[in-house]
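The values are calculated or read from the model by the stated rules, or taken from the named source; none is laboratory data. What you are looking at is a predicted structure, and each value in this text was computed from that prediction instead of being measured. Note that we place each Cβ from the backbone using ideal geometry, even for glycine, and neighbour counts take in every protein chain shown.
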Amino acid sequence: MDVLITPSILSADFTNLEAELGRIASADFAHVDVMDNHFVPNLTIGLPVVERLVRVSPVPVDVHLMIEDPDRWAPGFAEVGAASVTFHAEAAQAPVRLARELRRLGARAGLALRPATPVEPFLDLLGEIDMLLVMTVEPGFGGQPFIDGTLPKIRRARQAIGESGLDVWVQVDGGVSVTTIERAAEAGANVFVAGSAVYGADDAAAAISELRRLAALGHRH
């Protein structure tokens, strides 16, 4: 199971995002949070900015849509070249149709679950998605502490994926740091969104490398 590190630009300097993307050139993806101030109580960036980020990023862009009506808006992010587009199960009206449309447009389809949303209703849909994002904080703001109560959900998701024989990634987002990444990896996550743990470090490349090492350690347990 490959360890993938995807730093969140939510913790970057928004006045110079091209340079900030350059700091994470050794990562696997750049995680871009799109929030609409409706699904979550925060407002970030929209499609035109993401389109520019895709063009200047040294790594593929992993878009996380924390928005209402993703059925309408999500395909646009695939159309502008995002490598992965994740929408929330709680917001989508027709998640299977949307996932298929994202794949048709050439993006990986991700399904996100808030901490309190159970994973079980979505296990039958694993064949329709490429990634399951288990939020390890309440979506909306960076810098929140990791919720350990999400670990059993990660374990159940990984077990179901293993039993299905499908190649579905399990992503965790929220409070991921050198003190929590090993636990998340041991539970079965393989894609790790880290914001302040990378962008708050003097040497982002070294921080990425250390997170990768600790996640690999968690997988060996």
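Suppose we filter Leu217, Leu166 for residues that are in a loop (DSSP other than H, G, I, E, B) and surrounded by fewer than 19 Cβ atoms within 10 Å (Cβ to Cβ); which single one remains?
Sole residue among the options that is in a loop (DSSP other than H, G, I, E, B) and surrounded by fewer than 19 Cβ atoms within 10 Å (Cβ to Cβ): Leu166.
Filtering region 16-48 down to residues that are assigned to a helix (DSSP H, G or I) and under 27 Å from Val96 (Cα atoms), which residue is farthest from the chain's Cα centre (by Cα)?
First, the residues of region 16-48 that are assigned to a helix (DSSP H, G or I): 16-22, 47-48.
In the following step, the residues that additionally are under 27 Å from Val96 (Cα atoms) were identified as 47-48.
Details: Leu47: 17, Pro48: 20 Å.
Here the answer is Pro48.
Are any residues in region 1-15 in a strand (DSSP E or B) and in contact with a Leu (Cβ under 8 Å, 6 or more places away or on another chain), and if so, which ones? Don't jump to the end; show me each part of the working.
Step one: list which residues in region 1-15 are in a strand (DSSP E or B), which gives 4-8.
Answer for region 1-15, where residues must be in a strand (DSSP E or B) and in contact with a Leu (Cβ under 8 Å, 6 or more places away or on another chain): just Ile5.
Just the residues that are touching an Asp or Glu at 6+ places or on another chain (Cβ under 7 Å) and either among the hydrophobic types (A, V, I, L, M, F, W, C) or surrounded by fewer than 18 Cβ atoms within 10 Å (Cβ to Cβ) (or both), please, taken from region 84-110.
Residues of region 84-110 that are touching an Asp or Glu at 6+ places or on another chain (Cβ under 7 Å), as a first pass: 84, 91-94, 96, 98-100, 105, 108-110.
Ala91, Ala92, Gln93, Ala94, Val96, Leu98, Ala99, Arg100, Leu105, Ala109, listed by residue number.
Out of curiosity, is Gly149 surrounded by fewer than 19 Cβ atoms within 10 Å (Cβ to Cβ) and at positive phi? Even if it seems obvious, please write down each step before you answer.
On the way: surrounded by fewer than 19 Cβ atoms within 10 Å (Cβ to Cβ): yes; at positive phi: no.
Answer is no for this residue.
Looking at region 50-59, which of the residues that are under 14 Å from Glu79 (Cα atoms) and touching a residue at least 12 places away in the same chain (Cβ under 8 Å) is farthest from the chain's Cα centre (by Cα)?
Start the filter on region 50-59 by keeping residues that are under 14 Å from Glu79 (Cα atoms), which leaves 50-55.
Next, only the ones that are touching a residue at least 12 places away in the same chain (Cβ under 8 Å) stay: 50-51, 53-55.
On the way: Val50: 15, Glu51: 18, Leu53: 16, Val54: 16, Arg55: 19 Å.
By that ranking, first place goes to Arg55.
Go through (1) out of contact with any strand residue (DSSP E or B) (no Cβ under 6 Å at 6 or more places or on another chain); (2) β-branched (Val, Ile, Thr); (3) at pLDDT 95 or above one by one and return the number of the condition Ile45 breaks.
(3)
For region 163-189: of the residues being of a type in the set (Gly, Ala, Ser) and within 14 Å of Gly218 (Cα to Cα), which is nearest to the chain's Cα centre (by Cα)? Quick ask: steps written out before the conclusion?
Within region 163-189, the subset of a type in the set (Gly, Ala, Ser) is 164-165, 174-175, 177, 184-185, 187-189.
Narrowing the set further to residues that are within 14 Å of Gly218 (Cα to Cα) leaves 177, 184-185, 187-189.
Values: Ser177: 15, Ala184: 14, Ala185: 14, Ala187: 16, Gly188: 15, Ala189: 11 Å.
The qualifying residue nearest to the chain's Cα centre (by Cα) is Ala189.
Matching residues to (1) surrounded by fewer than 23 Cβ atoms within 10 Å (Cβ to Cβ); (2) in contact (Cβ under 8 Å) with a residue 24 or more places away in the chain; (3) part of a helix (DSSP H, G or I); (4) β-branched (Val, Ile, Thr):
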{"residue": "Gln171", "(1), (2), (3), (4)": "no, yes, no, no"}
{"residue": "Ser177", "(1), (2), (3), (4)": "yes, yes, no, no"}
{"residue": "Arg183", "(1), (2), (3), (4)": "yes, yes, yes, no"}
{"residue": "Glu186", "(1), (2), (3), (4)": "yes, yes, yes, no"}
{"residue": "Phe192", "(1), (2), (3), (4)": "no, yes, no, no"}
{"residue": "Val198", "(1), (2), (3), (4)": "no, yes, yes, yes"}
{"residue": "Asp202", "(1), (2), (3), (4)": "yes, no, no, no"}
{"residue": "Ala205", "(1), (2), (3), (4)": "yes, yes, yes, no"}
{"residue": "Glu210", "(1), (2), (3), (4)": "yes, yes, yes, no"}
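Output the residues belonging to region 127-144 that are modelled with pLDDT of 95 or more and either within 22 Å of Pro41 (Cβ to Cβ) or surrounded by fewer than 20 Cβ atoms within 10 Å (Cβ to Cβ) (or both). I'd like the intermediate steps shown before the answer.
The first filter runs over region 127-144 and keeps only residues modelled with pLDDT of 95 or more, leaving 127-137.
Of everything in region 127-144, those that are modelled with pLDDT of 95 or more and either within 22 Å of Pro41 (Cβ to Cβ) or surrounded by fewer than 20 Cβ atoms within 10 Å (Cβ to Cβ) (or both) turn out to be Gly127, Glu128, Leu133, Val134, Met135, Thr136, Val137.
Can you report the number of residues in region 10-44 which are without any contact (Cβ under 8 Å) to a residue 24 or more places away in the chain and of a type in the set (A, V, I, L, M)?
Going through region 10-44 one residue at a time, the tally reaches 2.
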